[in-house]
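This report refers to the structure that appears directly beneath it.
Nothing in this text is a laboratory measurement; each read-out follows from the coordinates by a stated rule. Please read all numbers here as calculations on a predicted model, not as lab measurements. Heads up, the Cβs are rebuilt from the backbone with ideal geometry, glycines too, and the neighbour counts pull from every protein chain shown.
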C-alpha cells in the first residue's frame, strides 16, 4: 500500500509538473537578442527549429513577434481574431494546423508561434519569392496576406509601411547581435 501511494504521488507530481509550461511568457531583454535567447532557452530552441525547418531567420522571427505581441503570449487584438505571440488569426492558424498536421498547436505557445511564422514565411517565399532577410516585406505579407501583398494593398497604409520599416530595422539589429554572440543551441 505504501509503495502504491509513493507511485501515485510520483505520477501526480510528474503530471502536474507537465502542466506548467516550460516556456517563459515574456522577456526583460527584448532589445537584445542574445540576452533574450540566453534568458529563454526554449525560445532559442524554437526559433532555431523554425529556421532549420522553414528557412525563416531567427532575427526575422523575433522582430515579427516583438512587433506583433511584444513577446506576450496572451496578446489579443480588439478588432480581429489575432491572438498569441504571433498574433495569428484563427482561420489562418487552423489552416496551419491542418497543413502541418500539428492539430494540438496553440497560439499561446512560443514554439507553435515560431513554427507558424516559419510555415507562413515558407508559403510567402514560394508564392512571392522575397529575400529571407527582407523582414519588412515579409511583415507586409504577414499583415495583409499573400493576396493582399500581390495587390499592393499596403501602399494605401502609410502606418503599415512605417511599421514594416521598424520590423526591418529591428530584424537587422537582432541579426547583428546574434552574429556577435556565441549562443549554444
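Worth a mention:
- Taking other C-beta atoms within 10 angstrom as a stand-in for reagent exposure, 30, 113 fall in the order 30, 113, fewest first.
- Taking every Cα-Cα distance in segment 132-185 and sorting them into 5 Å bins starting at zero, the pair-distance distribution P(r) comes out as 5, 21, 23, 18, 12, 9, 6, 4, 1 percent.
- Separation of alpha-carbon centers, segment 148-185 and segment 34-86, rounded to whole Å: 13
- Highest mean packing first, where packing is the average number of other Cβ atoms within 10 Å per residue, the peptides 33-40, 54-61 line up as 54-61, 33-40.
- For peptides 85-98, 144-157, sequence by mean Cβ density within 10 Å, most packed first: 85-98, 144-157
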